[in-house]
Amino acid sequence: MTPLLEIDHLSVELVIERRYQRVLQDVSLTLERAQVVALVGESGSGKSMTARSVMNLLPPGGKMSGRIAFDGTPLLGARRRDWQRFRSAHAGMIFQDPRASISPVHRIGDFLTEALVRNNGVRREEALERAASLLARIGIDDAGRRMRQYPHELSGGMLQRMMIASVLLTGPELILADEPTTALDVTTQADVVAILDDLRRERGMAMLFITHDLELAAAISDRIAVMYAGYVVESATPAQLHSRPMHPYTAALLHSRPHLHERTARLPQIPGRPLSAFEAPSGCPFQNRCPYVMPECTEILPPSDEVDGRIVRCLRARELELGADPSAMAAAVAAPSGDQPVTPGAAGAVE
Amino acid sequence: MSGLTGTAPATKERDGPEAPSVVVQSLRKVYRVRASATGHRHFDFVAVEGASFSVRRGGTLGIVGESGSGKTTIARMLVGLERPTSGTISVTGNDRSVPARTTRERRRRGRELQIVFQDPYTSLDPRQKVGDCINEVLRLHLALGETDRRRRVLELLDQVGLTEQQSSALPKSLSGGQRQRVAIARALAAEPDVLVLDEAVSALDVSIQAQVLNLLNDIRDRTHMAYVFISHNLAVIRQITDETLVLQRGMVVEQGPTEKVLESPSHEYTKLLLASVPAPGWKPRRVRSERVS
C-alpha cells in the first residue's frame, strides 16, 4: 500500500540576508495512514520548514527540490490549484501561536466554518451545527456563546482548542501540528494533546507532530525523527530512542535536560549552539559539538544508515554505546548485547 | 520563616550564609479592573493573596504556577515595578514595600536586587551594543575607572560564555540564548544580593538551557547570591531551587523544600501540575474537561 505521505531527499533553500541559503538537507520521511511521526529538534533545525514544505507554505522565494508525494501523487511540481486542493481537502495545519494565526476581526464561528463553507460547499447553518457538536465533543459546553465571541475574548488554551477544531472539522487525512502546545501551560497542554490524540485516532488521521519536547514526542508518536541543522540525524520508535539513542546529538539532548525527580550536580552540556543548515560545516553537521568526533567526520557527510529498522546519520553509530535517557532507565529495555560498548574517547576504536 | 518584620528598620545582615536576603510577608496585590470598556463600574481582581516567604543568602526559591497565577506579579513587586496593595518586602534588611522616593534610594535598591526577564528580545535595547549595556550598569552602580570598567565588562561576558568580539555586537545579531546571557551578565554587573529570574530559561533551546542553568548554579555557589526563580517548568525548578512555592490563582497552595513538594505533594493542584508533565509512560489525559463535567 502506498504511504500517505512520502518525503524523499527534500532540500529547501530560502532567501536569508539577500541570498539563497540551505535550511533543509536531504530530508526523507514516510507517514503511513493513521500514523503519528514526531519531528524533534532545536531552533533552526528545520522542523517547521519540513511541515511548511509539505503545505507549500514556504516564505516567498523558497525553493524546494526532491520529492513530496501524497497518497502516491507527487505534490512537488504540481500546479498551484492542485496544491490548493490538497491543502483544503486532504491536509490541515495547526500553528504554534493561535493568536497570530486566527483573524482577530472575525467571530470564532466564522473562523471554524470558513473552510467547510468555502471549500466543501456546506451550508452555513449546517456548518455551524457541525462546529457546535464538535466543540461539545472536546469539552466546550457553551459552544453557541463561544462561536459568537472574538479571538481576543478567549484564552490561549481555548483558542488553540478552536484551531484544532477548525482543522478537524474538514476531516483531513493528514494533520501537520507545529508546536501546538508550546505556548500553553502544562495542564492545558495535557488537555489539548489528549483532545488531538483522541479525535485523530477516532477518525484515523495521520499526523506530523512538531515539538522540542522529547517526552511529549514519545507520549504521542509512533516514530520520532530528530532533526539537526536541516538533516534528520536519527529516526526510531520512542522506546528505541529513549532506551538506546544511536546518534550523539540525540543522546546529548536526552542527557542535557533537567529531570523532574532527580537533581544533578551539573547538567551534561552540549558545547556551542544549535546550527542552521547553512551554518553547518561540511562533513557531519554535528562535528563541532560532538564528543565522539574523529577526523573522518569533518570530511564525510554521514549517509542515512539503516540499523535495526532505525535510521541514523552517524559514522560511528554502530560502535557507540550512548546510554539511555536517565529518566527512562526504569522502563528501558536492556540494550542488545553482542557488540562491545565503546567508551568515549577510546582511541583506535574504528577500523 | 524568619521572625523579622519588614516594617521594623532591621539592620543589614550580610554575614553568615543563613542570613535571609529576602523576607516577604503577607504580600497582596489587588488590581481595580473596569467591568466594561466604557462603563464606570469596577471590580477588584486579586492577583496575589497573602504570600509570605524568605530566601537565605545563597538559597534559591522557586515559584511555580500556571499563567495568571501571580508569579510575575510577585516578581514585579520585588523589583519595585508594582506597588503591593498590602504586605511587606525587605531585601537584605531594607524595606522596599513603598516606592523609592529619591534617585539615590532607587540606585541603592538596584544594587540589592536585579531581575532577568523572560523575553531577551524585548528586554535589551536594540540600539545599544552589548558591551555598552553592561558598562552602563557598572557606571551607575560601581565606582570604577574607565579601564577597570572595560575590563570588568569583558570578565562578565566571559563568565556567561560570550566573547570579546560580541561586546561590540548589537542584540539583533545574537541568538535568543546569547541575548539571555547578556541579560544575565547585565544583572550580575550590579553585583546584587538577590537575582530574580522570571522564566529566564523558558524560551531557550534544551542545549542552551543546560548551559545557562549550570552557569547560574556556578555563580550562586561562588557569590552566595540569592535567587528567586520563577518557572512553569517543574524539571527546571527541581534542578535549581531548594525551596518551592506553588501558586494557584494568586494563592499559595503549597510551600516547602523542593524535593518534598515534587516527590510527595500534598495539595491537589500540585499533584495536577505534576501529572500533566510528559514523562515516560505518560498518556495525555483530559484534565480540564474531566474537572468541568
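Read the figures in this text as sums done on the coordinates, not as results from a lab. All values derive from a computational prediction rather than experimental measurement. As a convention, Cβ positions derive from the backbone with ideal geometry for all residues, glycine included, and neighbour counts pool all protein chains shown.
Remarks
- Secondary structure note: in the protein assembly as shown, about 60% of the DSSP beta bridges are antiparallel.
- For the range B:101-213, the Cα gyration tensor yields ellipsoid semi-axes of 22, 17, 12 Å (square root of five times each eigenvalue, largest first, whole Å).
- When all alpha carbon pairs of the range A:1-149 are counted in 10 Å bins from zero, the resulting P(r) reads 10, 31, 31, 22, 6, 0 %.
- Under 5 Å, built H, 5+ apart or other chain: amide partners of residue A:38: A:209, A:222, A:223, A:224, A:225
- For the pair residue A:201 and residue A:153, the difference between a 0.36 nm per residue extended length and the Cα-Cα distance amounts to 14.2 nm.
- Calculated mean residue ellipticity at 222 nm for the protein assembly as shown: -10000 deg cm²/dmol, from DSSP H runs with n ≥ 4 weighted as -39500 (n - 2.57), summed, divided by the residue count and rounded to 500.
- For the pair residue A:265 and residue B:46, label points projected 7 Å from Cα toward Cβ lie 4.6 nm apart.
- Within the range A:178-261, the ratio Rg/Rh, alpha carbon atoms throughout and Rh by Kirkwood, equals 0.97.
- Averaging the sequence gap over all C-alpha pairs within less than 8 Å and six or more residues apart, then dividing by the number of residues, gives the range B:20-292 a relative contact order of 24 percent.
- Residues with amide H under 5 Å from that of residue B:60, placed H, sequence gap 5 or more: B:227, B:242, B:243
- 3J(HN,Hα) along the range B:209-226: 4, 4, 4, 5, 5, 4, 4, 5, 4, 4, 4, 5, 4, 7, 9, 6, 5, 9 Hz, from the Karplus curve 6.51 cos²θ - 1.76 cosθ + 1.60 with θ = phi - 60°, whole Hz, x for Gly and Pro.
- Rounded to the nearest 0.05, the FRET efficiency derived from the C-beta distance between residue B:285 and residue B:30 at R0 = 30 Å is 0.30.
- Loop exposure criterion: GluC sites (Glu not before Pro), DSSP state outside H, G, I, E and B, at most 13 other Cβ atoms within 10 Å. Applied to chain B, the longest stretch between such sites is B:19-163.
- Those Cys residues of the protein assembly as shown for which no other cysteine Cβ falls under 4.7 Å: A:290, A:314, B:133
- Approximating the spin labels as points 7 Å out from Cα along Cα→Cβ, the residue A:83-to-residue B:127 distance works out to 4.0 nm.
- The Rg/Rh ratio for chain A is 1.00, where Rg is the radius of gyration of the alpha carbons and Rh is the Kirkwood radius.
- Placing dummy labels 7 Å off each Cα toward the beta-carbon, the span from residue B:223 to residue A:120 is 5.8 nm.
- Hz values of 3J(HN,Hα) by residue in the range B:25-41 - Karplus curve (6.51, -1.76, 1.60), Gly and Pro given as x: 10, 6, 6, 9, 9, 10, 9, 8, 10, 6, 5, 9, 5, 10, x, 9, 6
- Proxy reagent accessibility, fewest Cβ within 10 Å first, across B:156, B:140: B:140, B:156
- Label-zone membership for the range B:179-202, site residue B:103, 7 angstrom Cα→C-beta point, backbone N under 20 Å: B:190
- Overall Cα dimensions of the range A:100-171 - principal axes, largest extent first, Å: 30, 24, 19
- Dimensionless Rg ratio for the range B:20-292, taking C-alpha atoms and the 2.2 N^0.38 Å reference: 1.06
- Neighbour counts of other Cβ atoms within 10 Å put A:311, A:16, B:208 in the fewest-to-most order A:16, A:311, B:208.
- Residues with amide H under 5 Å from that of residue A:305, placed H, sequence gap 5 or more: A:312, A:313, A:314
- Relative to the current alpha-carbon distance between residue A:304 and residue A:21, full extension at 0.36 nm per residue lengthens the span by 99.7 nm.
- Computed 3J(HN,Hα) for the range A:163-176, one whole-Hz value per residue from the Karplus formula 6.51 cos²θ - 1.76 cosθ + 1.60 where θ = phi - 60°, is 4, 5, 4, 5, 6, 5, 4, 7, x, x, 7, 10, 10, 10, glycine and proline marked x.
- 23 Å Cα-Cα reach of residue B:283 towards lysines, excluding residues that sit fewer than 8 places from it in its own chain: B:271
- Beta bridge orientation in chain A: antiparallel %, DSSP, nearest 5: 60 percent
- Least to most buried among B:90, A:103 (fewest other Cβ within 10 Å first): A:103, B:90
- Whole-number percent relative contact order across chain A, with pairs defined as alpha carbons under 8 Å at least 6 apart: 20 percent
- Taken along its three principal axes, the alpha carbon spread of the protein assembly as shown comes to 79, 72, 50 Å, from the longest extent down to the shortest.
- When only alpha carbons are used to place a centre, the range B:82-140 and the range A:161-195 end up 39 Å from one another.
- Listed by chain and number, the lysines whose C-alpha is less than 18 Å from the C-alpha of residue A:47, apart from same-chain residues fewer than 8 away, are A:63.
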